[in-house]
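See structure below.
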Amino acid sequence: MFEAVLERWDGDHVVVRHHPGGAWIFVGIHSTRLGPAAGGTRLKQYESAAAGLEDCLRLARGMTRKLAVLGLPHGGGKAVIAVTEIPAGDERRRLFEWYADLLNSLGGSFITGPDVNTGEADMDVIGERSRHVFCTSLARGGSGDPSIHTAYGVFHGIRASLRHAFGSEDLGGRSVLVQGTGSVGAKLVQLLAEAGATVLATDIDEERARATGASVVPAAAALTTECDVYAPCALGATLNADSIPGLRCRVVAGAANNQLATEADGERLRAAGILYAPDYVINGGGALHGIGLEQLGWSPDELEAQVEAIGETLAQIYASADAHAISTEAAAERLAAERLAALDSRPTEAQRTVTRA
Ligand code: PHE
């Protein structure tokens, strides 16, 4: 039910539209305190429209935290296009044209980028009619597909996690299970293999997992296979009260958003002695790519340094979690709250002008 989902939300605005073709569109603008809300547009089939709304709102809240932790000048938002069938061809183009008009009607309070099931071609269609989009193709003047930088960020995050858990970030001799070998997961497999890790891969589409060259683990065994690092890079809150007791890894560090089913699962992982890399911190590479390159004028080198720094941010979160005897999820939330408070208390341009006068 929409009611229950909305009652629990602490964000600014929710835009709800129904497309004549049958899709429900939700835009969750969680916060604009630090700037216009930014976040991807997810295209997905859900069990119900309310499930799509719930996903949207949780993801939007995560974006506020992600952008605050990354120090980027944006609030958090997210859009979900909940469909019964993933559209293709002309139908898809028309849906994204319509969606671009919807973005325009929001006047720039939400700027979007790619997410699950959306990519450069869709961003280009939006970009034909709207300025409120990141990651259009290079040919169209955008920064292109950000997934390699998401994968790099996760790679550096895994190394920082190994350093904390084992005292060394060396991947040689370490085993990493990558669950979900889509655009980010497949690139992560490559980076890990090049660094000398033993990589196991799993995907609901086994062929896709096999194509990465990693040893394939059946999808059903993803959560119970022994490994040093479990890297969730697929959909769904795989960490929950049922799955956590069965995990046989020391570290959970992957690219997926919303990895924890509930907030209590962060504490559950801590109690199980598993180091968890908060999802919205470790997967920040895509946002750094779009916003850094297109808005902040970063050079490729600068972007790379910022993506690498995700590892240092995680190390800081791990140290804080240890010092306060709290979960890493709670420590990340504290860091996000601190950053928001610090940025929030800076004088605004209007206040500065008054002070000067
Ligand atoms: N999927 C990206 C994320 O979750 C979306 C994004 C890309 C947001 C580029 C902003 C800019 O971070």
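The values are calculated or read from the model by the stated rules, or taken from the named source; none is laboratory data. These numbers come from a predicted model, not from an experiment. Here the Cβ is made from the backbone with ideal geometry for all residues, glycine too, and neighbour counts use every protein chain on show. Ligands, DNA and RNA are stripped out before the accessible areas are found, and what is left, the full protein with its side chains, is counted by its heavy atoms. Shrake-Rupley method; radii C 1.70, N 1.55, O 1.52, S 1.80 Å.
For a straight C-alpha distance cut-off of 18 angstrom, the aspartates and glutamates reachable from LYS187 (same-chain residues fewer than eight places away being disregarded) are ASP115, GLU120, ASP145, ASP203, ASP205, GLU206, GLU207, ASP279, GLU304, GLU308. Lysines within cross-link reach of LYS78: Cα-Cα under 18 Å, excluding same-chain residues under 8 positions apart? Counting by Cα, and skipping residues close in sequence, LYS78 has these lysines nearby: LYS44, LYS66.
Remark: region 198-328 carries a charge dipole of roughly 400 debye about the Cα centre, counting +1 on each Lys and Arg Cβ and -1 on each Asp and Glu Cβ. In region 159-183, whose amide N lies under 19 Å from the spot 7 Å out along Cα-to-Cβ of SER137? List them in ranges. Residues 183 qualify, since their backbone N sits under 19 Å from the label point.
One way to sum up the overall shape of region 108-166 is the equivalent ellipsoid from its Cα gyration tensor, whose semi-axes run 31, 11, 9 Å, largest first.
At 0.36 nm per residue, minus the direct Cα-Cα distance, what do GLU267 and GLU3 gain on full extension? Give it in nm, one decimal, please. Value of the extension gain: 92.2 nm.
With the convex hull constructed from alpha-carbon coordinates only, region 50-103 shows a mean projected area of 4.7 nm² over all directions. If you model the chain as an ellipsoid using its alpha carbon gyration tensor, with each semi-axis the square root of five times an eigenvalue, the axes come out at 30, 25, 20 Å, biggest first. Take the Cβ-Cβ distance between ALA319 and LEU343 as r, set R0 to 22 Å, and report the resulting FRET efficiency rounded to the nearest 0.05. Calculated transfer efficiency: 0.50.
Sequentially through region 216-225, phi angles give Karplus couplings (6.51, -1.76, 1.60; θ = phi - 60°) of 8, 10, x, 3, 5, 9, 3, 8, 10, 7 Hz, Gly and Pro residues having no value and appearing as x. With only Cα atoms counted, region 147-340 has Rg and Dmax values of 15.6, 45 Å. GNM remark for the chain: springs join alpha carbons under 10 Å apart, and the peak mean-square fluctuation among ALA88, ALA186, ALA277 falls on ALA88. In the full protein context, region 243-319 carries 36 Å² of accessible surface per residue, based on a 1.4 Å probe and ignoring ligands, DNA and RNA.
Ligands, DNA and RNA left out, the accessible area of region 1-52 computed with a 1.4 Å probe is 51% carbon and sulfur. Rounded to the nearest 500, the helix-only mean residue ellipticity at 222 nm of the chain stands at -13500 deg cm²/dmol, with each DSSP H run of n ≥ 4 adding -39,500 (n - 2.57). Seen from all directions on average, region 127-219 presents a Cα convex hull projection of 7.8 nm². Pairs of Cα atoms in region 29-147 fall into 10 Å distance bins, from 0 up to the last occupied one, in shares of 15, 45, 35, 5 percent. Ordering GLY266, HIS156, LEU293 by the projection of their Cα atoms onto the charge dipole of the chain, which places +1 on the Cβ of Lys and Arg and -1 on the Cβ of Asp and Glu, puts LEU293 at the extreme positive end. When the dipole is taken about the Cα centre of the chain, and only Lys, Arg (+1) and Asp, Glu (-1) are charged at their Cβ, what size is it in debye, to the nearest 20? With only Lys, Arg, Asp and Glu charged at Cβ, the dipole is about 580 debye.
Using the Cβ-Cβ distance between SER243 and ARG17 with R0 set to 45 Å, the FRET efficiency works out to roughly 0.80.
Considering only VAL154, VAL15, VAL199, the mean-square fluctuation computed in a Gaussian network model of the chain, springs between alpha carbons under 10 angstrom, is largest for VAL15.
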